[in-house]
Amino acid sequence: MTERISFTRYLVEQQRDHGRIPPQLRLLLEVVGRACKRIALAVNKGDLGDVMGTAGSENVQGEVQKKLDIIANETLIEANEWGGHLAAMASEEMEGIYLVPNRYPQGEYLLLFDPLDGSSNIDVNVSIGTIFSVLKKPEGHPGVHESDFLQPGHQQVAAGYCIYGPQTTLVLTVGDGVAMFTLDREQGSFVLTRENIRIPEDTKEFAINMSNMRHWDAPVRRYIDECLAGETGPRGKNFNMRWIASMVADVHRILMRGGIFMYPWDQREPNKPGKLRLMYEANPMGWLVEQAGGAATNGKERILDVQPTQLHQRVSVILGSKNEVERVTRYHQEP
């Protein structure tokens, strides 16, 4: 790109020149971007910043929290609570919603986030990231309630993630394609590096945790068996498997070069519809993938059409290159 466009300038142009976002949403996204820069600094320090290892506590999901999980969660709350853009927040690390304190003005938006996705990879220096989703607070009643957050994913007004890897990269959609920004550490700002990202409709790469194969449902096993059969099998081509165990990193790879990511329902916990969280992971990532020309389903229906009933609801996730996602979904629908 010949001209360096900052994250702030990009958002201003989305508001002023294109009318795609209102001023309050622009300001909110700027704050989220600044919070991600602070988290990136903490992640990059590693052992030098005494942020490695577990915190000796569990989150609402019953998962052991890492120190960086707590740091990232607190950073996002502290950065966003006072600006006047939000009414409340919800995090994968907290049981209930976080209301903006009365001493600060309340805005009209709701922010949901997974403060540090892939935190099991923190101690081995593998890419991790922050996922976020923005909803409009429903009108018609005073105050904020947990039910206000229970909106299907197609009602998101912004979604994105920040991946902390060799480069710190912020990826965003406001409903008109996907843009990517790289953190210029010398300037201290995110700079637009890619626009109108498109995921190839076909692929030769899949991402799934193969250690769970014995627990998969028949449609998923059928699809993977066909991929593994290679060029002599029914697909007539060889596939490669890629699995980072960090949804942010796996989805980022798919946005860059295509692929399919699957974290399906399996028989280990048959009463749970899946492992990943609908509100904090599947909805924002599903919308990003769709905005880039891909698809995202739970095996039966479009993820963005799933009506949430709980704040920490789980869901089966199949997303990525459109033709592959549609194939796996079709296998689920066949008798």
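Read-outs throughout are calculated quantities, based only on the coordinates presented, and are distinct from any laboratory measurement. As the structure is a computational prediction, the values presented were derived from the model and not from experiment. Positions of Cβ are backbone-derived with ideal geometry, glycine not excepted, and every protein chain shown enters the neighbour counts.
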- Query: Using alpha-carbon positions, what is the distance between the centroids of region 103-138 and region 211-244, in Å?
  - Reply: 32
- Message: For the chain, give me every cysteine whose Cβ has no other Cys Cβ within less than 4.7 Å, ordered by residue number.
- Response: Cys227
- Query: Dividing the convex hull volume of the alpha carbon atoms of the chain by its residue count, what do you get in Å³ per residue?
  - Reply: 145
- Normalised by the residues of the chain, what does the relative contact order come to in percent, with Cα pairs under 8 Å and at least six apart? 15
- Item | Least to most buried among Cys36, Cys227 (fewest other Cβ within 10 Å first) | Cys227, Cys36
- Message: Please compute the Kirkwood hydrodynamic radius over region 140-285, one decimal place, Å, based on all pairs of different Cα atoms.
- Response: 17.9
- Query: Helix 67-80: angle to the longest alpha-carbon principal axis of the chain, degrees 0 to 90, nearest 10?
  - Reply: 50
- Which ordering of His85, His332 is given by a fewest-first count of other beta-carbon atoms within 10 Å? His332, His85
- Message: Around Leu11, under 14 Å between beta carbons, what's the net of Lys plus Arg minus Asp minus Glu among the other residues?
- Response: 0
- Taking the Cα centre of the chain as the origin, how large is its charge dipole in debye, to the nearest 20, when only Lys and Arg (+1) and Asp and Glu (-1) carry charge on their Cβ atoms? 560
- Item | Helix-only [θ]222 nm of the chain, DSSP H runs n ≥ 4, -39500 (n - 2.57) each, per residue, nearest 500 | -8500 deg cm²/dmol
- Item | Relative packing of 292-299, 134-141, 218-225, which averages over residues the other C-beta atoms within 10 Å, highest first | 292-299, 218-225, 134-141
- Task: For Lys66, go through the lysines and keep the ones whose alpha-carbon is under 22 Å away, minus same-chain ones fewer than eight residues off.
- Result: Lys37, Lys45, Lys275
- Note on the structure: From fewest to most C-beta neighbours within 10 Å, the residues Ser316, Ser133, Ser57 line up as Ser57, Ser316, Ser133
- Task: Show which lysines lie in cross-link reach of Lys272 when reach means a straight Cα distance below 21 angstrom and same-chain residues fewer than eight apart are skipped.
- Result: Lys300
- Take region 205-333, drop everything but the C-alpha atoms, weight them equally and run the Debye formula without solvent; then report log10 I(q)/I(0) at 0.11 Å⁻¹ to two decimals. -0.34
- Query: Once the other residues with Cβ under 14 Å from the Cβ of Asp47 are scored (Lys, Arg +1; Asp, Glu -1), what is the net sum?
  - Reply: +1
- Of Trp82, Trp265, Trp287, which is the most mobile in a GNM of the chain whose springs link Cα atoms less than 10 angstrom apart? Trp82
- Message: 7 Å from Cα along Cα→Cβ at both Thr8 and Met94: what's the point-to-point distance in nm?
- Response: 2.7
- Radius 13 Å from Cβ of Gln106, net charge of other residues (Lys, Arg +1; Asp, Glu -1): -1
